[in-house]
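The structure under discussion appears below in the form of structure tokens.
Only the coordinates and a few stated rules stand behind these numbers; no lab work does. Note that this is a predicted model, so its numbers are computed, not measured. So basically every Cβ, Gly included, is an ideal-geometry build from the backbone, and we count neighbours across all protein chains shown.
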Amino acid sequence: MVIRARPDKVLPEFLPFLMMSDRFMNRAVEISVGSLSPTINWTTLKLETFELPPLDQQRRIAEILWAVDEAIQTCDQLVASILNARDKFFDDELRKAETRSPETMKNLGAALVRIVAGKSPKASSEPAAKGEYGVLKVSAAGDGRYVEFENKALLSAADFEPSLEVKPGMILVTRCNAVLSGIGRACVVERTRLGLMLSDKTLQLVPNEDEADTGFLLQGLRSEPYRGFVERSANGTEAKNVSQETLKASPFWLPPIAVQRRVSSRLTWCFS
């Protein structure tokens with residue numbers, strides 16, 4: 001569906017923000033038809049009415065919102081540049097180590113005490129509200145960041161397992177994903193609300209603190225030896241997945257803990 005603005009009623013630069021507003025989106029959901037693939041018919045949508053500010057106000061609002069959008073894009077680009085710089089620094093250190101100390105290339109299992117698997121009880125499609133229990137969606141483990149609101153409310157509070165509750169400091173890894181690059185993706189939980197549990201698509205890595213520095217471990221989970229191995233080893237057709245044994249067997253740079261902390265501190269100091 002292609003929608004064009006009538007400039008005498010709504011400015012073309014204002015229309016996208018109107019259509020992204022909560023009022024418009026909520027009404028669009030209400031008038032949609034179908035269950036598996038909800039659809040909006042133009043014959044119905046065109047009859048809906050929405051309050052519009054005068055054209056001069058639309059122009060001022062649009063200027064502000066487009067400026068905000070540009071600032072967000074610039075911020076995203078800066079974050080991507082910082083992550084690329086971190087990755088390059090780590091990869092350079094890894095290549096030096098492969099030449100000088102090849103014995104430090106081990107596997108991920110050597111850095112871990114255990115891996116904890118989650119469960120997925122019956123849940124709704126909506127996030128858990130305050131006071132409700134929820135289970136993480138696979139999208140909760142973003143690329144290096146934990147996304148708390150990516151969860152589903154449990155249909156029964158009795159299905160919540162306290163031993164699988166998500167807590168600050170946990171390292172989460174995706175076990176399953178429809179996109180290959182989403183397999184084995186890791187993040188650390190810096191903070192989270194109470195009452196959320198690991199799903200069967202998320203794993204918790206419990207590091208051996210005598211063998212692995214957390215910051216170093218997280219950066220290593222972005223490096224090519226690990227990423228390449230995981231993506232080559234993934235199984236499945238529609239949804240790709242990896243086993244715990246595959247993750248443990250993935251090649252991983254694991255120098256002495258003092259070296260790990262030096263590299264980790266450089267990553268934090270140089271790029272924070």
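How big, on average over all directions, is the shadow cast by the Cα convex hull of the stretch 194-272, in nm²? List each step's numbers first, then the result.
Details: hull surface 29.1 nm².
Its average projected convex-hull area is 7.3 nm².
Provide, for q = 0.18, 0.19, 0.26, 0.28 Å⁻¹, the log10 of I(q)/I(0) from a solvent-free Debye sum over equal Cα point scatterers in the stretch 221-266.
Here the Debye-derived log intensity ratios amount to -0.63, -0.67, -0.93, -1.00.
Cut-off 10 angstrom, C-alpha nodes, Gaussian network model of the chain. Which of GLU190, GLU30, GLU224 fluctuates the most?
Result for the chain, Cα springs under 10 Å: GLU30 fluctuates most.
Quick one: order ASP210, ASP76, ASP159 by neighbouring beta-carbon count within 10 Å, fewest to most.
Taking fewest neighbouring Cβ atoms as first place, the list is ASP210, ASP76, ASP159.
Determine by what factor the alpha-carbon radius of gyration of the stretch 129-183 differs from 2.2 N^0.38 Å, reporting the quotient. Intermediate results must be reported in sequence, preceding the final value.
Details: Rg = 12.1 Å, N = 55, 2.2 N^0.38 = 10.1 Å.
Its radius of gyration relative to the 2.2 N^0.38 Å reference: 1.20.
I'd like the orientation of helix 257-271 relative to the chain: the angle between its Cα long axis and the longest Cα principal axis, in ° from 0 to 90, rounded to 10.
Roughly 30 degrees between the two axes.
Quick one: net charge around ALA140, please, counting Lys, Arg +1 and Asp, Glu -1 for every other residue with C-beta under 11 Å from its C-beta.
Values: positive: LYS137, ARG145, LYS152, ARG185, LYS201; negative: GLU148, GLU150.
Result for the local shell: +3.
Compute the length gained on full extension between PHE149 and ASN241: take 0.36 nm times their separation in residues and subtract their Cα-Cα distance, giving the result in nm to one decimal. Intermediate values should be presented prior to the final figure.
On the way: separation 92, 0.36 × 92 = 33.12 nm, distance 2.31 nm.
Taking 0.36 nm per residue and subtracting the Cα distance, the gain is 30.8 nm.
Starting from the stretch 155-199, pick out the trypsin sites (Lys or Arg not before Pro) whose DSSP state is loop and whose Cβ has at most 10 other Cβ atoms within 10 Å. Mind showing how you got there, number by number?
Values: sites: ARG175, ARG185, ARG191, ARG193; in loops: ARG175, ARG185, ARG191, ARG193.
Taking the stretch 155-199 and a limit of 10 other Cβ atoms within 10 Å, the loop trypsin sites (Lys or Arg not before Pro) found are ARG191.
Would you mind computing, in nm to one decimal, how far apart the modelled labels at PHE50 and LYS130 are, each placed 7 Å from Cα along Cα→Cβ?
It is 3.0 nm.
Can you give the calculated 222 nm mean residue ellipticity of the chain, where each DSSP H run of n ≥ 4 adds -39,500 (n - 2.57) and the sum is split over every residue, rounded to the nearest 500 deg cm²/dmol?
Details: 8 runs with 102 residues, N = 272.
Computed mean residue ellipticity for the chain: -12000 deg cm²/dmol.
I want to verify a result. In a Gaussian network model of the chain, Cα cutoff 10 Å, which of these has the top mean-square fluctuation: LEU218, LEU254, LEU65?
Most flexible of the set in this elastic network: LEU65.
In degrees from 0 to 90, rounded to the nearest 10, what is the angle of the helix 55-100 Cα long axis to the longest principal axis of the chain?
So the helix axis and the longest Cα principal axis differ by about 10 degrees.
With respect to the cross-link table entries LYS88/LYS248; LYS9/LYS46; LYS201/LYS248, which display a Cα-Cα separation exceeding 19 Å?
Details: LYS88/LYS248 24 Å; LYS9/LYS46 14 Å; LYS201/LYS248 16 Å.
Table pairs above 19 Å Cα-Cα are LYS88/LYS248.
Take the chain, connect every pair of alpha-carbon atoms lying under 10 Å apart with a spring to form a Gaussian network, then pick out the residue of MET20, MET197, MET105 with the largest mean-square fluctuation.
With Cα springs under 10 Å in the chain, the top fluctuation among MET20, MET197, MET105 is at MET20.
Can you bin every Cα-Cα distance in the chain into 5 Å intervals starting at zero and give me the percent of pairs per bin, rounded to whole numbers?
1, 5, 10, 12, 13, 12, 12, 10, 9, 7, 5, 3, 1, 0, 0
With 10 angstrom as the radius, rank SER21, SER250 by how many other C-beta atoms surround their C-beta, starting from the fewest. The partial results should precede the final answer.
Details: SER21 12, SER250 21.
Fewest-to-most Cβ neighbours within 10 Å comes out as SER21, SER250.
Rank-order 128-138, 49-59, 231-241 by packing density, defined as the average count of other C-beta atoms within 10 Å over each peptide's residues, highest first.
The most tightly packed comes first, giving 128-138, 231-241, 49-59.
Could you pull the Rg and Dmax for the stretch 39-87, using just the Cα atoms, both in Å?
18.6, 52
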